[in-house]
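J.: Pasting a structure here, questions to come.
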Amino acid sequence: MTLKLATTLDGRIATRTGESQWITGAESRLSVHGLRAQHDGVLVGIGTALADDPQLTVRGLALPGNSQPHRIILDTHLRLPPHAQVFEPDSGSVFVLCGLEAAASERRRVLEQSGAVILSCQLDADGHVEIESALAQLAAQRLTSIFVEGGGSVASAFLRARLVDRLEWFRAPLIIGGDGLAAVSSLGVDQLLDGIRFKRMGVRNSGADIWETYELEA
Ligand SMILES: NC(=O)c1ccc[n+]([C@@H]2O[C@H](COP(=O)([O-])OP(=O)(O)OC[C@H]3O[C@@H](n4cnc5c(N)ncnc54)[C@H](OP(=O)(O)O)[C@@H]3O)[C@@H](O)[C@H]2O)c1
């Protein structure tokens, strides 16, 4: 699983009002589209889907056979609007992963009419879609390489489950302060030894930004 983060120098992914477009520059954003193209699916949480209404497609690059990666939303209660932009492209599927209760509700039919494929999952202790259950459902659809694009809650959920083996981190020369939204929300780490350690595999300039690639340390 690859986690992408586009942050300020002080590790924030949005201002305190939720504005995140755009923290990083055009060159970094084009690289993100290239990374999307290398994966089976591009995944975000419903918080990001509601805040940014993203398309989650590859744009600005030639795609063989116009084969867009699939779009994936973690959305326990099926809050995704039926006219969300994620439904607009006519290639690839939109998978919405929800809880069993929502999967039995009228919301399911509404989203299916928009073209969503609804996959019902177990819930975790916090009442959100359980990440392992979501990945099992996606694997059953032959989606095994997932590009996780956030936001902070979903990034933490994947990290907490120790399911991120690669990080693509774009860092802009900007500081917005501790009241901005953290790239990774709480992990409950008390000791440094309990942190998740990565090994840096590459660092390069990306316009005014820095693009770092990390792999999980064995
Ligand atoms: N700079 C960047 O790279 C970047 C990227 C993405 C987003 N953003 C910004 O980040 C903000 C959104 O971040 P966010 O943290 O509020 O939202 P988020 O991580 O996108 O979505 C969180 C929501 O996802 C749902 N969810 C389902 N299963 C989950 C699980 N296992 N763990 C955690 N959440 C789960 C939960 O709602 P339910 O339980 O109702 O399903 C939860 O409230 C926006 O301001 C956006 O602009 C920035």
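The values are calculated or read from the model by the stated rules, or taken from the named source; none is laboratory data. Model, not experiment: these values are computed from the prediction. Because the Cβ atoms are built from the backbone with ideal geometry, glycine has one as well, and the counts that use them run over all protein chains shown. Only protein heavy atoms, including side chains, enter the accessible area calculation; ligands, DNA and RNA are left aside. Shrake-Rupley method; radii C 1.70, N 1.55, O 1.52, S 1.80 Å.
J.: Add -39500 (n - 2.57) for each DSSP H run of 4 or more in the chain, then divide by its residues: what number comes out at 222 nm, to the nearest 500 deg cm²/dmol? Don't skip to the end; give the middle numbers.
T.: On the way: 6 runs with 50 residues, N = 218.
Mean residue ellipticity, 222 nm, calculated: -6500 deg cm²/dmol.
J.: Rounding to the nearest 10 and keeping the result within 0 to 90°, find how far the Cα-based axis of helix 131-140 lies from the longest principal axis of the chain.
T.: It works out to around 60 degrees.
J.: Would you work out the relative contact order for the chain, in percent, from Cα pairs under 8 angstrom that are 6 or more residues apart? Display every interim value, and only then the final one.
T.: Details: 429 pairs, mean separation 66.9, N = 218.
Averaging sequence separation for qualifying contacts and normalising by length gives 31 percent for the chain.
J.: From the Cα gyration tensor of the stretch 177-218, with a ≥ b ≥ c the square roots of its eigenvalues, which class applies: rounded if a/c is under 1.5, or else prolate if a/b is larger than b/c, or else oblate? Spell out each step's value before the answer.
T.: Values: a/c = 3.63, a/b = 1.22, b/c = 2.97.
Taking the square roots of the gyration eigenvalues as a ≥ b ≥ c, the stretch 177-218 is oblate.
J.: To the nearest 20 debye, what is the magnitude of the charge dipole of the stretch 131-218 about its Cα centre, counting +1 on the Cβ of each Lys and Arg and -1 on the Cβ of each Asp and Glu? Each step should come with its number before you reach the end.
T.: Numbers: 9 positive and 11 negative charges, 45 e Å.
Here the size comes out at about 220 debye.
J.: Only Cα pairs under 8 Å and at least 6 apart count here; give the relative contact order of the stretch 41-144 as a rounded whole percent.
T.: Values: 162 pairs, mean separation 23.8, N = 104.
Across the stretch 41-144, relative contact order equals 23 percent.
J.: Quick check: from the Cα gyration tensor, does the stretch 1-131 come out rounded (a/c under 1.5), prolate or oblate?
T.: Numbers: a/c = 1.92, a/b = 1.30, b/c = 1.48.
It comes out oblate by the Cα gyration axes.
J.: Something else: How long, wide and thick is the stretch 69-155, going by the Cα atoms along their three principal axes, in whole angstroms, largest first?
T.: Taking the Cα atoms of the stretch 69-155, the three principal extents are 34, 29, 26 Å.
J.: With every protein chain kept in the model, how would you rank E149, E112 by accessible area, 1.4 Å probe, largest at the top?
T.: Highest to lowest solvent-accessible surface, that is E112, E149.
J.: While we're on this one: Give the distance, in whole Å, between the Cα centre of the stretch 131-152 and the Cα centre of the stretch 173-218.
T.: Comparing the Cα centres of the stretch 131-152 and the stretch 173-218, I get a distance of 21 Å.
J.: Could you give the size of the charge dipole of the stretch 40-198 about its Cα centre, using +1 on the Cβ of each K and R and -1 on the Cβ of each D and E, expressed in debye and rounded to the nearest 20?
T.: Values: 12 positive and 19 negative charges, 59 e Å.
For the stretch 40-198, the charge dipole is close to 280 debye.
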